[in-house]
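Enquirer: First the structure, which I've put down as structure tokens, then a few questions once you've had a look.
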């Protein structure tokens, strides 16, 4: 009981602190963003000041986000004892680790596998979720809230708890050791997520555009594909990207449901990198592999990022 | 003065019943594939997991049967020791379990709060128009993109007391006099875990919030600006209310993930008392000890706790689940 | 280097399971035997060369399925596959502590191993560790045991002897650490080991307890012996190192972190496995050529002795595999002197066959093997045989209790008393 009280006390304190931090950090900053967005206007002293603040914050965010990655690149170029010594700039440019990783015949195939599994998972999840979220967001029927909660409940069990059940399912379907085993099992966490996010965004779209389409005699399918989809691009791309990364990084199912080296995915392939002996951890190759597998994801973001900022501004829809 | 764009079509008066039922039928067919898929994948594993929690199943007999029904013994039971004293057993009588529950809740609370604040901040930056925005957006996503098993190890390395770069930095700057064993000490282990989790998952938050920001029509701001409304006021009266649905759903999924946190802690501070979580205990019980009865009981309790939190959150946050309450 | 596997052979497990029921391999001619093993670099690279003579002789094919190096991950996977009676995998490479936990899924190899003469050639303690209720569940293929690594240059410089007791070690470590720091070597530590809460700590702590004559947690006859004064003393001694001769961070160290400190020249002593010997003499190592190994120190009091936890790997034949006959043959081959010698020469693994420690060729390639023969005299098994399926839980309870003593959260006496009650709960 005392335990509970102290616990509540501390958490309330934390909460107060967070509210404070939020007010202190976010709002002045928001002000800065709005002011700096005003750059077309006259260059007032305060405008310049906020502009500087803005760029400092951008630099900080980028620095924090990529420093560990930078450090991984650094480490990937080092070997042996060098790895145990902290440094900030490259001490050597030794591609040995990259060679070691890329010459493993199964590593490249694991990237191909991951791309395939993650892509199919995301496409399937988005397809199923778009139609379902249309129904959940735009059509009135009883028990919608309960249905949404049930869908969410699927994601509430720890992954390890559903492992043995899924293993049986996969065996029963005869898809053990195929990419389909992974695609099937990944829907357990991608589908609830995509359905919920898309439902939320779909619900917020203005009613007028749908009404106009319906008046023109459009079927629900046409409403979804011709009217909503173009407006939903930011949400689609964002959820797709997040779900893609989720599938790309999944480890436990991938390890359990595949057995052939050529069927394995990237996280398992990385875990398979090993030192010469049991206790040694091959830092250099692991870092090199991480760098290699992060690059396709960065490319993906760069390709799709335009779509993230498309959406309503492009549609020119009146609110 | 809230400008409403989130009205529902059915709110409009004078809808004909035929149209209504046609839409309902369409809705059914739109929902069906998703529900069938989800049921197909999830029903058996979830059902099984709950069933196991009432049996004495061991890893060796989960596929062949042979386990016995033990009622609620995995949750709570007792035995009499040789000296006549009573010893309580089962998950609910396990001090480690309660320690894990508090750890998990503390972790979830703090990480989600920090990630929301920082995610909002990052999203606001990315929503502004500036040169190189695409690159910044890609850079932001890197922490989320690196597989957890790798980033946790990487951070473990960076936080190491002897050859870690974080200690090196803090020492150089002069914040500390001697290196800190971040992941080893009970009082810093949780901070280390929080730090890494915030670093890793803020992009997730930021991206979802950004999508929410992008869905707010630009002309809202324009008209507010023309009216000369103070930006702070715009933030509270326009941005935040319109952002709320996206924010809420992002927070729900973060809470869900945070309460189930496993891999990061499993790699970074394995089995440290200060950071052990419910999922870790459950993993240990199922995968290492092979005790499917107790492990499933833990998973089921975790499920119930998460469900409780989500319901509480939806209720307190007035999340509009059914869309009936639209303004 | 070509360890690519033939995907075609790995059938969908449901089908394979059915096949396993129908007929075990009719003849051992030209079949494919699947071996699953933790992917350790040298072993993966050497696998094809290792099995080549066997493949030639029998006309069969041995295929390797590598697994992540984490033994905990492997164990969970293997048990899941075995519980599902997966027929895809014929041979499992198992850790020394797994045999009793998975015994029911493995074929009894006692007879074939006796016929092949393996029982008498191996160290008796190793054979014993793989025997469950009179049944030999796995054939040892190589072994492992830790030793005390010490810096010859530093001991010589400060005029100290190699310690044989923990008290001596503490004194020497403290002395050299202080002296070196006074000379400006501020990062020097006396002793590094593995204090993270994981299986490795069970190994470390078992050695302390055993070396103080405090038993081995659970005795072979099943008695829970851990709550005794010598064990308390052992843990108190170890707790006294943290923050004095060992960095506080040692509480999060596994093997690699200790090696990191050691190999950058920042420790006088280290407790570690043989792998650190090879790497420590690597070209880029700061301690290359200036260190040696000795058996771990002993404690004091009645029954004090030097103790080294027994590690090592074995080959177990699945009862559900498609190719049982050929798999048994391959297991016997991998455990034979021929294969063990090949492994010792190419992978640096310690053989389990006694005579190989006198083999001139092996000693020439790995001179340090001679040192380990001494270490094996003091090898002590972890209590996996008496605890069977509960071993992992017992070990977890043990290292958690030890960790809380080391970090100062609990008194050793209280922790061990609680541990005793917890162990009763698990084992009764």
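A short reminder: the numbers here are calculations on the coordinates, not readings from a lab. Source: prediction; values computed, not measured. Don't worry about glycine lacking a Cβ; one is built from the backbone with ideal geometry, like all the others, and counts go over all protein chains shown.
Enquirer: Which angle from 0 to 90°, rounded to the nearest 10, does the C-alpha axis of helix C:41-58 make with the longest principal axis of chain C?
Expert: 30
Enquirer: Still on this model: What is the mean number of Cβ atoms from other protein chains located within 10 Å of the Cβ atom of each residue in peptide C:337-347, rounded to a whole number? Write out the running numbers ahead of the final one.
Expert: On the way: counts 0, 0, 0, 0, 0, 0, 0, 0, 0, 0, 2.
What the average comes to for C:337-347 is 0.
Enquirer: So, one more: Helix C:166-182 against the longest principal axis of chain C: what's the angle in degrees, Cα atoms only, rounded to the nearest 10?
Expert: Roughly 70 degrees, rounded to the nearest 10.
Enquirer: Starting from the Cα gyration tensor of chain C, multiply each eigenvalue by 5, take the square root, and state the resulting semi-axes largest first in whole Å. Each step should come with its number before you reach the end.
Expert: Values: eigenvalues 306, 129, 67 Å².
Output for chain C: semi-axes of 39, 25, 18 Å.
Enquirer: Mind ordering B:57-70, B:135-148, C:264-277, B:83-96 by average Cβ neighbours within 10 Å, highest first? Could the numbers behind the result be given before it?
Expert: Details: B:57-70: 16.1, B:135-148: 22.5, C:264-277: 24.1, B:83-96: 12.9.
Result, highest mean first: C:264-277, B:135-148, B:57-70, B:83-96.
Enquirer: So, by mean Cβ neighbours within 10 angstrom, what's the order for B:172-182, C:162-172 with the highest one leading? Each step should come with its number before you reach the end.
Expert: Numbers: B:172-182: 14.2, C:162-172: 18.6.
Going by the mean number of other Cβ atoms within 10 Å, highest first, we get C:162-172, B:172-182.
Enquirer: On a C-alpha basis, how far is the centre of region B:183-219 from the centre of region B:26-52 in Å? Whole number, if you could?
Expert: The two parts, judged by their Cα centres, are 30 Å apart.
Enquirer: Which of the three applies to region A:43-167, rounded, prolate or oblate, going by the alpha-carbon gyration tensor with a ≥ b ≥ c and a/c under 1.5 meaning rounded? List each step's numbers first, then the result.
Expert: Numbers: a/c = 2.78, a/b = 1.30, b/c = 2.13.
It is oblate, given that a/c is not under 1.5 and a/b is not larger than b/c.
Enquirer: Which of C:220, C:146, C:386 moves most in a GNM of chain C, Cα contacts under 10 Å?
Expert: Looking only at C:220, C:146, C:386, the largest GNM fluctuation is found for C:220.
Enquirer: Binning every alpha carbon pair distance of the protein assembly as shown at 20 Å from zero, what are the percents per bin?
Expert: 12, 41, 34, 11, 1, 0
Enquirer: Still on this model: Run a plain Debye calculation on region C:313-357 (Cα atoms as equal point scatterers, no solvent) and give log10 I(q)/I(0) at q = 0.24, 0.33 Å⁻¹, rounded to two decimals, same order as the q list.
Expert: At q = 0.24, 0.33 Å⁻¹ the computed log10 ratios are -0.81, -1.16.
Enquirer: Can you tell me how region A:56-127 classifies by the Cα gyration tensor, rounded, prolate or oblate, using a/c under 1.5 as the rounded cut? Don't skip to the end; give the middle numbers.
Expert: Working: a/c = 4.20, a/b = 1.31, b/c = 3.21.
Verdict is oblate for region A:56-127.
Enquirer: A further question follows. Separation of region A:160-195 and region C:390-425 by C-alpha centroid, Å?
Expert: 38
Enquirer: Continuing with this model, one more query. Of C:403, C:105, C:158, which is the most mobile in a GNM of chain C whose springs link Cα atoms less than 10 angstrom apart?
Expert: With Cα springs under 10 Å in chain C, the top fluctuation among C:403, C:105, C:158 is at C:158.
Enquirer: Other chains' Cβ within 10 Å of A:67-78 residues: what's the mean? Mind showing how you got there, number by number?
Expert: Values: counts 6, 13, 7, 1, 6, 7, 0, 1, 4, 0, 0, 1.
Partner-chain Cβ atoms within 10 Å, mean over residues of A:67-78: 4.
Enquirer: Using Cβ counts within 10 Å as a stand-in for footprinting exposure, how do A:180, A:248 rank, fewest first?
Expert: Working: A:180 16, A:248 26.
If I rank by nearby Cβ atoms, fewest first, I get A:180, A:248.
Enquirer: Still on this structure, please answer the following. Tell me, how many Å apart are the Cα centres for region A:236-270 and for region B:59-104?
Expert: Value for the Cα centre distance between the two parts: 34 Å.
Enquirer: List C:104, A:211 from most exposed to least, where exposure is judged by having the fewest other Cβ atoms within 10 Å.
Expert: With the fewest neighbours first, C:104, A:211 line up as A:211, C:104.
Enquirer: Sorting check: for C:248-259, A:140-151, which peptide has the highest mean count of neighbouring beta carbons within 10 Å, and how do the rest follow?
Expert: Numbers: C:248-259: 24.7, A:140-151: 16.1.
Sorting C:248-259, A:140-151 by mean packing, highest first, produces C:248-259, A:140-151.
Enquirer: Here's something else I'd like to know. What is the mean number of Cβ atoms from other protein chains located within 10 Å of the Cβ atom of each residue in peptide C:241-251, rounded to a whole number? Numbers along the way, then the final one.
Expert: Numbers: counts 0, 1, 1, 0, 0, 0, 6, 7, 13, 4, 8.
Per residue, the average neighbour count from other chains is 4.
Enquirer: Here's a follow-up. With each run of n ≥ 4 DSSP H residues scored as -39500 (n - 2.57), what mean residue ellipticity at 222 nm is computed for chain B after dividing by its residue count and rounding to the nearest 500 deg cm²/dmol? Before the final figure, lay out the partial values.
Expert: Values: 12 runs with 202 residues, N = 327.
Mean residue ellipticity at 222 nm (helix-derived): -20500 deg cm²/dmol.
Enquirer: Under 1.5 on a/c is rounded, so check that first for region A:99-314, then, if it is not, pick prolate when a/b is larger than b/c and oblate when it is not; a ≥ b ≥ c are the square roots of the alpha carbon gyration tensor eigenvalues. Don't skip to the answer; put the middle values down first.
Expert: On the way: a/c = 2.88, a/b = 1.80, b/c = 1.60.
Prolate shape, in that a/c is at least 1.5 and a/b is the bigger ratio.
Enquirer: Write down the radius of gyration of region B:103-327 and its Dmax, each obtained from C-alpha positions, in Å.
Expert: Expressed in Å, the Cα Rg and Dmax of region B:103-327 come to 20.5, 66.
Enquirer: In deg cm²/dmol and to the nearest 500, what is the mean residue ellipticity at 222 nm of chain C if only DSSP H runs of at least 4 residues count, each as -39500 (n - 2.57), divided by the residue total? Could the numbers behind the result be given before it?
Expert: Working: 20 runs with 198 residues, N = 428.
For chain C, the value works out to -13500 deg cm²/dmol.
Enquirer: As I understand it, the value is the acute angle between the Cα axis of helix C:391-406 and the longest principal axis of the Cα atoms of chain C; what does it come to in degrees, rounded to 10?
Expert: 20
Enquirer: Pick from B:206, B:258, B:27: which residue has the top mean-square fluctuation in a GNM of chain B where Cα pairs under 10 Å get a spring?
Expert: Among B:206, B:258, B:27, the largest mean-square fluctuation in the Gaussian network model of chain B belongs to B:27.
Enquirer: So if I average 1/r over every pair of distinct C-alpha atoms in region C:107-202 and take the inverse, what Kirkwood radius in Å does that give? Write down the numbers at each step before the final one.
Expert: On the way: mean 1/r = 0.0578 Å⁻¹.
Kirkwood radius, region C:107-202: 17.3 Å.
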